[in-house]
Ligand SMILES: Cc1cc2nc3c(=O)[nH]c(=O)nc-3n(C[C@H](O)[C@H](O)[C@H](O)COP(=O)(O)OP(=O)(O)OC[C@H]3O[C@@H](n4cnc5c(N)ncnc54)[C@H](O)[C@@H]3O)c2cc1C
Ligand code: FES
Ligand code: FES
């Protein structure tokens, strides 16, 4: 075998267990760059793009939704998925270009696990669950346990990421990312904020400012104490600013050719302040 | 080290025809196979990492970067390149001065509105614009900009390209 | 713009928006770019490059690569039969590094193999032993006599001093600043590519190449191959943009060497990453500038010191430097000046030509200074510029008189009269805000700013260089065919040349022959020169043909040829009733003439930087309106208003394309484009991290073309390619300053420069 194009997950798992060194490819938007740039020379390939199960999403009885690992971003940008998970729609719309969004997927974003991945802060903010399946077992892992570091995750070599389950929250949510160009740009710093009114919780997750996505739990719980998330409609500027400042304290940015640590820290404080103000504008 | 690099054999469905690919290396992109193996150099490569859009083709109805498609995994997909657009799109009556060949309305507008300079970005943009207008016949200016934001043009600054899209929209509206 | 523009064109003569003759091929994908070529039995070529900015090569072992099946040749410095080095001005750049590598990415070896992937494997198999050395990357340091020489020719590529008028002239006000310009890349879309076909005997080669200057390439290639020039034939391959980056040799010699060695056609093409190492860039520069002025804002004296980082090899650095320092004053009157310019060798990537050629750097400094001056004497940016605006007959700081039409004041006034954009509408989409699809800004975070930039740019080559152009016109049976070696890189000379022939000869059908070295040189497609130079050559050749046609017709019909003229598509007797169509008049005959166009002579600068070194000048004004998210430091350019001195518009559609395209490149330098260096290493050689403006970054351009025909120019038209990208950069930065109050002394402006 060199290239397998299975039609079902179980076919794919069979192919994987008989070729443990095989590489999975979905949209190819990360992997083909690796190959074209001579960083990866694959021998065996399992292409997942024809597996229908991976390209669908469903509503679960508990109100959450489960999105197949092979659903392209362009489907998340509009329609019912946008209604249910607006932050994911906003994040999806910032990914690359329309061409990238027609091919790229959450499965690939999770497979690559770059701290600059735009899908990941959303998954971290809503406490998503990643579905992994091997020929032997299937397991579900919290996103917080799934991403381990820069381009490192908890997937075993014999597993396929099949889907993510996303709780549908009741409250404002949004995503925002800083890039130096108005489109098609990799994140310099990003943030996803989601409010859940029934549980009076606010969640904020940061991208591109640490080795993994960072949930700012201290800032979150601080704000919960300062502010009634379920009944308030407007947040005062000072409070929003202080929230931003606290969020930035939890970031762990570095200097690189895309930006500086200092700017990134500043940026996430501004983003957090703006997101919470969008959640409670008036 | 001395294993032959290419032994993949498969068939792709391109511009309505089945095309055999022989002795290919598994890592070859669709862009490479179209250009170097199938004699279809219309799609251009300017980055091979999805950042320029010059290699845009239609795959199962989506506009994608062919440099990011592993060719061997595109078996069974419907692929349309810039070379195949004229057949897919009923040609317009072409009367303009310098234009004598058959081109689509989008292609014609790129010429008459000055959307072509060096022309390297052009095939990818033509595919992207056809795709846009098929899905959204009357896009706003912003929708046009967003939908071609993955197609870099270094020569024109985009002004004449916007004009070309606008011209097609107007002509199509008038004709419908 | 309406789709029916062509209806008003009755004939595609000068002044009409004639359409590109290669348009159909380009929109259908049939146009053959140099990367599209393919040949039976061809092999692929690839280049091994140095991973170090500075190192000594201890040994190279190519045998492991030669053992790989499918590999046909591996060549290094010792395989170069002729001259070991090349270069446009000074042949100081090796075909392959042999003893030292002097910049990251310098070629060390090349391979030919049956597949690009085999090539990659072969490159990985070559073993090079380096002794890594500490790179010299700071030009100031490199210039010091105590610094080690990184090249036998020395570290100072050129120093030029200018002193003009009274260096001690006194004034009321001074303003000064230290400005930094980052390294910009031309980033043409069509990557370097070529195909070489060896002659069967092995003592000649035909190279199909995307280049700006076929004849210059040929000379350099032939010398390295040790072949007579006539055995090296160059044919222009389809060129996907150039912007200066195809003026130097990149893969030309390598491709020919492999073809001659293997006896097979060789295809070489760079990847984008390789392209960042394979061609020269815009010089990063540091400029100190001090303006002395009267208290009402009239410039009295300018002092400046400019340091251009030339990188490891000379390329065109000496000429870029001269362009920079001789444009210190900008489009303003200035009687007294002291300027020193230095082009310095370092272990950074070689820098050379890019659209604007040294003037971009100087302009960022002088326009920033003009705004400081305006502030210091309480004038508006417009008034301070009007007050100092240069006119025809004024003297440059080189002592040269500006004989060109110089409508600087008109450029400024007409730009100023262009309506400002509407304020941001309540319905504006977040995608139009600074930050765009990242949805970073809310409306109240955004502040609008306005800024100005005005520039002067020399046209053609300078300092005594005779960059002539050649063209041949052959008229037969009502069809003109034109032959020239001019590189069409996208600018539209292939559209213009037939327009000229139609205007002069009264025919409609014009055939363009292949651009190759089978005719005299056309000079380079650069320096805004081809419309003037090759246009002049085509015009001249067509006029010679017309003269002979008149003689022929006169003889046949017994009319003094002096009485004949072309009217539309007929030849008429201006004093009689005789009339014959050109098509009928040329049935069965063939008239062919070749013409060389030379511009007027220029001179070298003397040791005080005085001399008539430039041919002619063009001017332009830009006004930028930007929206800034001040807190995050993100910028969206909303509108660019411009009025450009073009001499005469020969093709409105082509002209607006040059203006809009140049503006986008200037915008790139203002806010996003920079090759980031770290101790001699390029950190961002890819389109992921070297950002070019997208459709969502493009501003609305409102352009006015000022038509005051230039008497010196053969068609009355000035070059229009470079001016659009020069003063738009400082205009955008000035607009950001006006929105933020920050000093912003470097381009590109980065978010942290604005908000931290
Ligand atoms: C031009 C360009 C711009 C981009 N811009 C952005 C951006 O703005 N934001 C962003 O987040 N990303 C961006 N990306 C990166 C990329 O598009 C995303 O990470 C995308 O989500 C990858 O999805 P894919 O399906 O294409 O992945 P693939 O390339 O197919 O796979 C990526 C990795 O995941 C593994 N994998 C894929 N599917 C599975 C699965 N089901 N189970 C297990 N492993 C799997 C693969 O083996 C591989 O290692 C960009 C990429 C390009 C080329
Ligand atoms: S070559 Fe595919 S996007 Fe650039
Ligand atoms: S026309 Fe040259 S890149 Fe678009």
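Specify which of the listed residues (A:205, A:240, A:267, A:189) is within 14 Å of another protein chain (Cβ to nearest Cβ), in contact with a helix residue (DSSP H, G or I) (Cβ under 7 Å, 6 or more places away or on another chain), modelled with pLDDT of 95 or more and surrounded by 24 or more Cβ atoms within 10 Å (Cβ to Cβ). Walk me through how you get there before you give the answer.
Working: A:205 fails: within 14 Å of another protein chain (Cβ to nearest Cβ); A:240 fails: surrounded by 24 or more Cβ atoms within 10 Å (Cβ to Cβ); A:267 fails: in contact with a helix residue (DSSP H, G or I) (Cβ under 7 Å, 6 or more places away or on another chain).
Unique residue meeting the criteria: A:189.
Looking at B:61, B:45, B:50, can you tell me which residue is touching a strand residue (DSSP E or B) at 6+ places or on another chain (Cβ under 8 Å), modelled with pLDDT of 95 or more, within 30 Å of residue C:693 (Cβ to Cβ) and within 16 Å of ligand 2 (Cβ to nearest atom)? Don't jump to the end; show me each part of the working.
Numbers: B:61 fails: within 16 Å of ligand 2 (Cβ to nearest atom); B:45 fails: touching a strand residue (DSSP E or B) at 6+ places or on another chain (Cβ under 8 Å).
The unique qualifying residue is B:50.
For residues that are surrounded by fewer than 17 Cβ atoms within 10 Å (Cβ to Cβ), part of a strand (DSSP E or B) and more than 14 Å from every other protein chain (Cβ to nearest Cβ), tally how many sit in segment B:14-29.
At the first step, the residues of segment B:14-29 found to be surrounded by fewer than 17 Cβ atoms within 10 Å (Cβ to Cβ) are B:16-18, B:20, B:22-23.
When the remaining residues are screened for being part of a strand (DSSP E or B), the result is B:17-18, B:20, B:22-23.
Applying the additional criterion that residues be more than 14 Å from every other protein chain (Cβ to nearest Cβ) yields B:17-18, B:20.
Result for segment B:14-29: 3.
Condition check ((1) more than 14 Å from every other protein chain (Cβ to nearest Cβ); (2) within 16 Å of residue C:583 (Cα to Cα); (3) surrounded by fewer than 24 Cβ atoms within 10 Å (Cβ to Cβ)) across all residues:
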site	(1), (2), (3)
C:471	yes, no, no
C:477	yes, yes, yes
C:485	yes, no, no
C:490	no, no, no
C:499	no, no, no
C:503	yes, yes, yes
C:518	yes, no, yes
C:526	yes, no, no
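Yes/no per residue for (1) under 20 Å from the mean Cα position of the chain (by Cα); (2) within 16 Å of ligand 2 (Cβ to nearest atom); (3) more than 9 Å from chain B (Cβ to nearest Cβ):
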residue: A:23; (1), (2), (3): no, no, yes
residue: A:28; (1), (2), (3): yes, yes, no
residue: A:36; (1), (2), (3): no, yes, no
residue: A:47; (1), (2), (3): no, no, no
residue: A:51; (1), (2), (3): no, no, yes
residue: A:56; (1), (2), (3): yes, no, yes
residue: A:59; (1), (2), (3): yes, no, yes
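Here are some conditions: (1) within 20 Å of residue A:72 (Cβ to Cβ); (2) within 14 Å of chain C (Cβ to nearest Cβ); (3) away from ligand 2 (no atom under 16 Å from the Cβ). Residue A:164 meets all but one. Which one does it not meet?
(2)
Please work out which residue is nearest to the other protein chains (Cβ to nearest Cβ), limiting yourself to segment C:700-717 and to residues that are touching a helix residue (DSSP H, G or I) at 6+ places or on another chain (Cβ under 7 Å) and assigned to a loop (DSSP other than H, G, I, E, B). Spell out the reasoning first.
In the first step, residues of segment C:700-717 are kept if they are touching a helix residue (DSSP H, G or I) at 6+ places or on another chain (Cβ under 7 Å); the result is C:701, C:703-706, C:713-715, C:717.
So of that shortlist, the ones also assigned to a loop (DSSP other than H, G, I, E, B) come out as C:713-715, C:717.
Numbers: C:713: 22, C:714: 23, C:715: 20, C:717: 17 Å.
Top of the filtered list is C:717.
Return the residues of segment A:97-108 that are within 14 Å of chain B (Cβ to nearest Cβ) and either more than 8 Å from ligand 1 (Cβ to nearest atom) or buried (at least 24 other Cβ atoms within 10 Å of the Cβ) (or both); say none if nothing qualifies. Talk me through it step by step, then tell me what you get.
The initial filter retains those residues of segment A:97-108 that are within 14 Å of chain B (Cβ to nearest Cβ), namely A:97-105, A:108.
Hits for segment A:97-108 are A:97, A:98, A:99, A:101, A:102, A:103, A:104, A:105, A:108.
Which of the residues that make up segment C:416-447 are farther than 24 Å from residue C:741 by Cα and in contact with a strand residue (DSSP E or B) (Cβ under 7 Å, 6 or more places away or on another chain)?
C:418, C:438, C:439, listed by residue number.
Looking only at segment C:527-544, decide whether some residue is without any contact (Cβ under 8 Å) to a residue 60 or more places away in the chain, in a loop (DSSP other than H, G, I, E, B) and in contact with a strand residue (DSSP E or B) (Cβ under 6 Å, 6 or more places away or on another chain).
First, the residues of segment C:527-544 that are without any contact (Cβ under 8 Å) to a residue 60 or more places away in the chain: C:543.
The next check asks that each one be in a loop (DSSP other than H, G, I, E, B); those that pass are none.
No, every residue in segment C:527-544 fails to be without any contact (Cβ under 8 Å) to a residue 60 or more places away in the chain, in a loop (DSSP other than H, G, I, E, B) and in contact with a strand residue (DSSP E or B) (Cβ under 6 Å, 6 or more places away or on another chain).
Within segment A:251-260, does at least one residue satisfy the condition of being closer than 15 Å to residue C:631 by Cβ, within 9 Å of another protein chain (Cβ to nearest Cβ) and within 21 Å of the chain's Cα centre (by Cα)?
Our first condition is that a residue be closer than 15 Å to residue C:631 by Cβ; within segment A:251-260, this holds for none.
Among the residues of segment A:251-260, not one is closer than 15 Å to residue C:631 by Cβ, within 9 Å of another protein chain (Cβ to nearest Cβ) and within 21 Å of the chain's Cα centre (by Cα), which makes the answer no.
I'd like to check something: does segment C:311-318 contain any residue that is closer than 30 Å to residue C:39 by Cβ and more than 14 Å from every other protein chain (Cβ to nearest Cβ)?
No, the conditions are met nowhere in segment C:311-318.
Please verify whether residue A:129 is in contact with a strand residue (DSSP E or B) (Cβ under 8 Å, 6 or more places away or on another chain), more than 14 Å from ligand 1 (Cβ to nearest atom) and touching a residue at least 60 places away in the same chain (Cβ under 8 Å), treating the condition exactly as stated.
No.
Out of segment C:439-462, which residues are part of a helix (DSSP H, G or I) and free of Cβ contacts under 8 Å to residues at least 12 places away in the same chain?
Restricting attention to segment C:439-462, the residues satisfying the condition of being part of a helix (DSSP H, G or I) are C:443-445.
Within segment C:439-462, C:444 is the sole residue that qualifies.
For residues that are in a loop (DSSP other than H, G, I, E, B) and either surrounded by fewer than 23 Cβ atoms within 10 Å (Cβ to Cβ) or touching a residue at least 40 places away in the same chain (Cβ under 8 Å) (or both), tally how many sit in segment B:120-169. Please lay out each step first, then the result.
Narrowing segment B:120-169 to residues in a loop (DSSP other than H, G, I, E, B): B:120-121, B:136-140, B:148-158.
Pick out the ones that are also either surrounded by fewer than 23 Cβ atoms within 10 Å (Cβ to Cβ) or touching a residue at least 40 places away in the same chain (Cβ under 8 Å) (or both) and you get B:120-121, B:136-140, B:148, B:150-152, B:156.
Looking only at that region, the number is 12.
Among the residues of segment C:528-544 satisfying the criterion of being touching a helix residue (DSSP H, G or I) at 6+ places or on another chain (Cβ under 7 Å) and surrounded by fewer than 24 Cβ atoms within 10 Å (Cβ to Cβ), which is nearest to residue C:658 (Cα to Cα)? Write out each step before concluding.
Quick first cut of segment C:528-544, residues touching a helix residue (DSSP H, G or I) at 6+ places or on another chain (Cβ under 7 Å) only: C:530-531, C:534-535, C:538-539, C:542-543.
This time we only want the ones that are surrounded by fewer than 24 Cβ atoms within 10 Å (Cβ to Cβ), so: C:539, C:543.
Details: C:539: 22, C:543: 28 Å.
Once the filter is applied, the top-ranked residue is C:539.
Can you tell which of A:122, A:130 is assigned to a strand (DSSP E or B) and buried (at least 23 other Cβ atoms within 10 Å of the Cβ)?
Working: A:122 fails: assigned to a strand (DSSP E or B).
Residue meeting the stated conditions: A:130.
Out of everything in segment B:31-41 that is farther than 24 Å from residue C:276 by Cα and touching a residue at least 24 places away in the same chain (Cβ under 8 Å), what residue ends up being nearest to the other protein chains (Cβ to nearest Cβ)?
Among those residues, the one meeting the criterion is B:40.
Can we say residue C:30 is under 25 Å from the mean Cα position of the chain (by Cα) and within 8 Å of another protein chain (Cβ to nearest Cβ)?
Working: under 25 Å from the mean Cα position of the chain (by Cα): no; within 8 Å of another protein chain (Cβ to nearest Cβ): yes.
Taking the combined requirement at face value, the residue does not satisfy it.
Go through (1) at pLDDT below 95; (2) surrounded by fewer than 24 Cβ atoms within 10 Å (Cβ to Cβ) one by one and return the number of the condition residue B:103 breaks.
Condition (2) is where residue B:103 drops out.
Which numbered condition in (1) within 23 Å of residue C:724 (Cα to Cα); (2) surrounded by fewer than 17 Cβ atoms within 10 Å (Cβ to Cβ) is the only one that residue C:603 fails?
All conditions pass for residue C:603, except number (1).
Table: residues versus (1) closer than 24 Å to residue C:529 by Cβ; (2) in the same structural domain as residue C:111 (by TED's automatic domain parsing); (3) free of Cβ contacts under 8 Å to residues at least 24 places away in the same chain; (4) buried (at least 24 other Cβ atoms within 10 Å of the Cβ).
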site	(1), (2), (3), (4)
C:202	no, yes, no, no
C:207	yes, yes, no, yes
C:212	yes, yes, no, yes
C:215	yes, yes, no, no
C:230	no, yes, yes, no
C:252	yes, yes, no, yes
C:260	no, yes, no, no
C:268	no, yes, no, yes
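I'm checking my understanding of the structure. Among residues of segment B:49-80 that are at the interface with another protein chain (Cβ under 7 Å from one of its Cβ atoms), within 16 Å of ligand 3 (Cβ to nearest atom) and part of a loop (DSSP other than H, G, I, E, B), which one is surrounded by the fewest Cβ atoms within 10 Å (Cβ to Cβ)?
Here the answer is B:54.
The values are calculated or read from the model by the stated rules, or taken from the named source; none is laboratory data. No experiment lies behind these values; they were computed from the predicted model shown. Cβ: placed from backbone, ideal geometry, glycine included. Neighbour counts: every protein chain shown.
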